[in-house]
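> Questions regarding the structure given below will be posed in turn.
Derivation of every value follows stated rules applied to the coordinates shown; laboratory data play no part. As the structure is a computational prediction, the values presented were derived from the model and not from experiment. Neighbour counts run over all protein chains shown; Cβ positions are idealised from the backbone, glycine included.
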Amino acid sequence: MSQISSINFKKSFAINTQHNDRTLAPSYLISDIGCEVNRTHKEALKLRNKIIENAINAYNKNKSPKAPNFKAKSYEWSAVVNIKQDTTMQDLEKLAEHFETKYGFQCYQIAVHRDEGYIENGEKHINHHAHLEFITLDKQTGKNMYRRELINPKILRQIQTEVAEILNMQ
């Protein structure tokens, strides 16, 4: 039987990129296999800031004179994805590309963690998972694409299915 896919979105925390690249390693690591990242903490923050700056500029450029100034606040999201033992960074980059194309979520860091899990009866059980850090501001309009009217329970179920299909999981 294949592994069951899962993706869970939560608001990002300031330390996420450091946790992801192990600049700030947690105390509960059970393996020295480590992690793989597509961008270090510093590279990710630089890209994140550029994405936000571009989105704010796009918003200001496209808004009507009577519209309020940029005020979006909840546009930094972190997604944790269950993965298979053989899932590659390229698989996750394909997933991130899908999120940008379909939902407008721009991914600024991907991390594959193969060093977390639990020990039972002296045996290590690795929790293979990945973290994807997103800015959910639309490139063209600067509007937040992770809003209740756009991302509802039906869409979240659809996202779960898409993740399973892209990562070839159940």
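> Just order 37-45, 104-112 by mean Cβ neighbour count inside 10 Å, highest at the front, would you?
Descending mean neighbour count gives 104-112, 37-45.
> Pull out the extension gain between residue 90 and residue 60, defined as 0.36 nm times the separation in residues minus the alpha carbon to alpha carbon distance; nm, one decimal.
That works out to 7.3 nm of additional length.
> Regarding the chain, what are the three Cα extents along the principal axes, ordered largest first, in Å?
For the chain, the Cα extents along the three principal axes come out at 65, 34, 23 Å.
> Quick check: pseudo-label points 7 Å beyond the Cα along Cα→Cβ at residue 40 and residue 125, how many nm apart are they?
Here the modelled spin labels are 3.6 nm apart.
> To continue, here is another question. Once the piece of chain linking residue 148 and residue 50 is laid out straight, how much longer is it, given 0.36 nm per residue of separation minus the C-alpha distance between them?
Fully extending the segment from residue 148 to residue 50 adds 32.7 nm.
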